Structures are given as C-alpha cells and as structure tokens.
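S.K.: Handing you a structure now.
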Amino acid sequence: MVYDVIVVGSGFSAIAVTCNLIEQLPASATVAVVGDDPGFGRGTAYRTELYLHRLNVPAGRMSLLPHQPDDFVDWLKNHGRRLQAGDFATRSDYGLYVRDTLARLLRRRGGRCRVDFIRAKAAGCVERYNSTLAFHLGNGDEIAGRNVVLCLGVGNAKLPVDPAGVPLSIRPRIIENPWRLSWLGRVASSDTVCILGSGLTMIDQVLALRAHGHRGRIDVLSRRGLAPLGHARKQSAPLPIAVEALPTTISGILKSLRAKSRSVDDWRSVMDGLRSQTQALWQRLSNKERARFLRHALPWWNIHRHRVAPDVFDRFDKLISEGTVGFRAGFLKSLRADEGGLVAEYRVRATREIAKLKTDWLVNCTGMERAGISHSPLLQEMSRFELIAADPLGLGIQVDANSEVVAPSGISPARLFAVGALTAGQFWEITAVPDIRVQAKAVAEAIVARQSAPED
C-alpha cells in the first residue's frame with residue numbers, strides 16, 4: 001500500500017508527529033506508523049511505574065501539543081493528581097497521558113485521516129516509484145510512502161569494556177539495561193552495588209533500589225564523578241540572554257555565562273534563559289567548536305542544564321551525606337570474578353593509578369548511545385543508497401533547518417524528514433519533550449503544506 005506519510009518509529013517522537021498529523025491532515029490522507037514496540041509512545045522512560053521516577057521538566061511545559069500548553073496539567077487534574085504547572089509529575093503518568101492523547105485524537109470520527117499502526121520493524125528500503133520510498137518490513141510486508149518521517153530513537157549504551165573479556169560467571173551480576181526493573185528483585189538488602197555512569201539514569205536507579213528495600217553501599221563510577229544538580233524549589237525568572245551577543249567559541253561563551261551567573265541570585269536563571277536559545281547558540285558554532293564542547297564541556301552542561309525535581313534531589317543528596325552513596329572518578333578498564341561477586345578495575349581520573357572496586361552488582365547507567373547510523377541496519381542501508389548521510393560529529397544524520405534530510409545524492413524519491421535524536425547535529429537540544437513537540441508540529445505542517453499545494 002502507498003501511504004501519504006510513513007512514520008518510522010514507535011517512541012515519543014513518532015507519536016508526537018502522528019498526533020500533529022491527525023490534527024492537520026485532511027480525511028482523505030493516509031498515515032502508517034511502523035514500529036516494533038508494543039507500547040507506542042511510552043518508550044522505556046515512560047513505562048516505569050515507580051513514583052520516584054519523575055520528569056525533570058515541570059508539568060506546565062510538558063503538553064504533547066505545543067498549541068495546547070495546559071493540556072497535560074488539565075489531564076493531571078482530571079485524573080486526581082494534585083499537581084500544579086510548576087510541579088514535577090511521574091514518568092508513568094506522562095506515559096499514560098501520551099497514550100490517552102493519542103487515543104483521544106484517534107476517536108475522532110469526522111474528518112480524521114486514516115492511521116494504520118503496523119507492529120513490525122522497517123528492515124530495509126528501496127526506491128519503488130518516482131515519488132515514493134518503499135520499506136521492507138520484518139513481517140514480510142512492504143509499504144511505500146510519499147512522505148517519510150524517521151523517528152528512530154537510541155538504545156542503552158554498551159559497557160565500555162570488551163565483552164569477550166568479561167568472565168561468564170559474573171555476567172548474571174552485570175545489569176546491562178537497568179530499565180528492565182526485574183533485576184531489582186535479585187539484589188539482597190545488604191548487597192553492594194556499583195553503578196557505572198552518574199547521570200539522570202543513575203539517580204533513578206539509586207532511588208529504585210532504595211524503594212525495593214536495598215540498604216547496602218552504592219558506589220558510582222563515572223569519568224568525572226559529577227552528578228546532576230537539582231531544580232530550585234522556588235524558581236527564579238529566566239534571565240534574558242541575547243545569543244547573538246555571545247562569543248562563538250566555547251571558552252568565550254563559558255566566560256560570559258559565568259559572569260552572568262555572578263550577577264544574579266541563582267545561577268539557574270541563566271541556564272533557564274538559555275533554554276529557548278540553545279539551538280540558535282549551537283548553530284552559531286563551527287564544527288571545531290562543537291567538537292570542543294563535546295570533548296570538554298558536555299558533562300558540566302548536562303549537570304547544570306538537565307536538573308532533577310527538588311524533592312528527588314533532596315532524597316539523593318541525603319544518601320550522599322549519609323555515606324550510602326559515594327562517587328569515584330575514573331575509566332573502567334576491566335571486570336573479573338572474585339569470591340561470588342566481581343571486581344571492577346578502573347584508572348583513577350588524572351592519574352595512571354589503577355584502582356579496584358569489589359562489588360556484588362554492576363549496573364550500566366552510562367545513558368543512551370548517541371543517535372547514529374551504525375546502530376540501525378535500516379539507516380545503514382539508506383546511507384548506502386545515499387538517501388541519508390551521517391552528521392560529521394556522530395550526532396545523528398544531516399538535516400536542514402526544517403528537519404528535512406539532506407541526501408548526499410541530492411535526490412530523494414520521497415520527501416524525507418527526521419525528528420528527535422537523529423537531528424541533534426543540527427539542533428543539539430532535541431531529545432526533551434519541549435523541543436521535540438515543537439519540531440514534530442513543524443514537520444507535520446511542512447507535510448500538510450505539500451499535501452495542500454496544487455500540482456504543477
């Protein structure tokens with residue numbers, strides 16, 4: 001079947017695009033959403049049921065559709081959640097809200113476009129007709145689309161050691177994907193745990209362990225030993241920042257932002273002032289300066305920019321002050337078995353010293369891998385056909401300012417877009433809901449405009 005639009009993916013980005021298409025396309029249009037995740041839209045982050053797993057953006061900025069800014073807060077009220085726009089909702093509630101929003105739009109009977117959800121993986125692609133791109137599906141079917149939106153997410157990052165060198169005896173004690181929460185039931189209350197990585201996922205898993213009765217020691221090993229900071233309980237107004245007046249080098253930008261932080265009561269107002277300007281700031285940087293940011297400034301950007309809810313931060317900070325959670329800065333070198341547990345050997349940061357950490361469990365919380373072509377057979381094939389090209393810094397694929405894919409050949413049989421993490425090379429801040437929802441709406445509008453344009 002030939003569709004007007006094919007959305008490839010089943011995570012939040014795909015559902016955001018689909019909801020906008022339902023709102024904007026005429027009844028005569030057809031849409032296919034192709035993905036092999038049974039929980040369309042919820043993804044890993046929003047399927048967790050633990051109440052301590054919170055959004056790190058206030059509820060008032062999390063509506064799925066940007067032109068309905070109060071939608072999520074209204075949903076919370078209608079479902080008996082006593083939260084205000086400035087509060088931080090649970091991720092589970094947000095997943096339910098995304099599901100309900102999609103279901104509400106699909107229940108429209110008059111004037112709604114046709115939407116088919118196809119539970120299959122897009123395994124390959126080929127130019128089938130002059131104006132369409134066809135996809136071979138894992139179930140043996142084939143579909144084609146005049147417009148295609150790539151919404152492929154990223155997987156959990158792999159352990160930074162050669163798996164061939166990890167003894168078989170300790171592999172059951174290595175948790176490669178912490179979001180499969182069944183592992184928590186295997187951890188005894190007094191077991192020691194080493195968490196690899198110190199970002200938002202680490203905090204989620206520490207609190208999940210505590211909620212499941214774990215009271216043992218938790219060591220956090222990361223390259224710099226940094227942890228996310230917390231949102232203020234009383235938020236300050238964002239400081240207006242003129243991006244065009246900032247330097248175009250990372251060192252110059254840092255100097256300027258530090259000076260601004262000294263002029264305000266709370267440094268968070270500077271970071272919040274950058275929030276709406278981050279994409280414009282990124283696009284002013286040369287590839288050389290972008291690479292310098294990724295090498296040197298990214299960890300500090302992450303802990304200041306991607307903060308956690310105040311009460312969650314207080315819980316976590318208390319565990320640190322009590323000595324339950326400790327931090328080590330270093331680079332994991334090897335894993336070996338030792339007396340029923342395992343030993344992680346790591347090089348201490350800024351030294352040549354090799355230290356050892358004995359633990360009962362190792363939990364991989366190094367985060368998500370960067371979006372790219374190498375992790376997807378479909379994208380690899382599209383690259384061979386010169387339909388897409390990798391971003392030079394490994395941040396997804398090349399797109400223009402309108403999220404339209406830049407084909408190396410200059411020719412694409414269908415109009416091809418990307419949304420979400422695949423477009424980080426162009427937009428950088430494009431993995432959080434407030435940014436993705438705006439991008440999804442703009443892509444849907446571009447597709448609708450083409451649908452409505454008269455033929456030559």
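S.K.: Of all residues in segment 425-453, how many are open to solvent by less than 10 Å² (accessible area, probe 1.4 Å), of a type in the set (Gly, Ala, Ser) and out of contact with any helix residue (DSSP H, G or I) (no Cβ under 6 Å at 6 or more places or on another chain)?
M.R.: 1
S.K.: Moving on. Looking at (1) open to solvent by less than 50 Å² (accessible area, probe 1.4 Å); (2) under 21 Å from Gln205 (Cβ atoms), which is the only condition Ile388 fails?
M.R.: Condition (2) is where Ile388 drops out.
S.K.: Hey, among Arg215, Arg233, which residue is open to solvent by 60 Å² or more (accessible area, probe 1.4 Å), touching a residue at least 12 places away in the same chain (Cβ under 8 Å) and within 20 Å of Gly323 (Cβ to Cβ)?
M.R.: Arg215
S.K.: May I ask you to list the residues in segment 393-430 that are touching a strand residue (DSSP E or B) at 6+ places or on another chain (Cβ under 9 Å) and charged (D, E, K, R)?
M.R.: Within segment 393-430, Glu404, Arg415 meet the criteria.
S.K.: Against the definition (open to solvent by 20 Å² or more (accessible area, probe 1.4 Å) and either without any contact (Cβ under 8 Å) to a residue 40 or more places away in the chain or under 16 Å from the mean Cα position of the chain (by Cα) (or both)), how does Asp36 come out, yes or no?
M.R.: Taking the combined requirement at face value, the residue does not satisfy it.
S.K.: Also: Within segment 333-438, which strands (runs of 3 or more DSSP E) (wholly inside it) include 1 or more residues that are closer than 28 Å to Pro172 by Cβ?
M.R.: 341-348, 354-359, 361-364
S.K.: Here is a follow-up. For residues in segment 241-278 being touching a residue at least 40 places away in the same chain (Cβ under 8 Å) and crowded, with 18+ Cβ neighbours inside 10 Å, which is nearest to His231 (Cα to Cα)?
M.R.: Thr278
S.K.: Among (1) in contact (Cβ under 8 Å) with a residue 12 or more places away in the chain; (2) over 25 Å from the mean Cα position of the chain (by Cα); (3) within 30 Å of Asp400 (Cβ to Cβ), there is one condition Leu285 misses while meeting the rest; what is its number?
M.R.: (2)
S.K.: Enumerate the strands (runs of 3 or more DSSP E) found wholly within segment 48-166, keeping only those where 1 or more residues are open to solvent by 10 Å² or more (accessible area, probe 1.4 Å), within 28 Å of Leu387 (Cα to Cα) and among the basic types (Lys, Arg).
M.R.: 114-119, 122-129, 142-150
The values are calculated or read from the model by the stated rules, or taken from the named source; none is laboratory data. Quantities reported herein were computed from a predicted structural model and do not represent experimental measurements. Neighbour counts are summed over all protein chains in view; Cβ atoms, including those assigned to glycine, are modelled from backbone coordinates with ideal geometry. Surface areas here come from the heavy atoms of the whole protein model, side chains and all, with no ligands, DNA or RNA. Shrake-Rupley method; radii C 1.70, N 1.55, O 1.52, S 1.80 Å.
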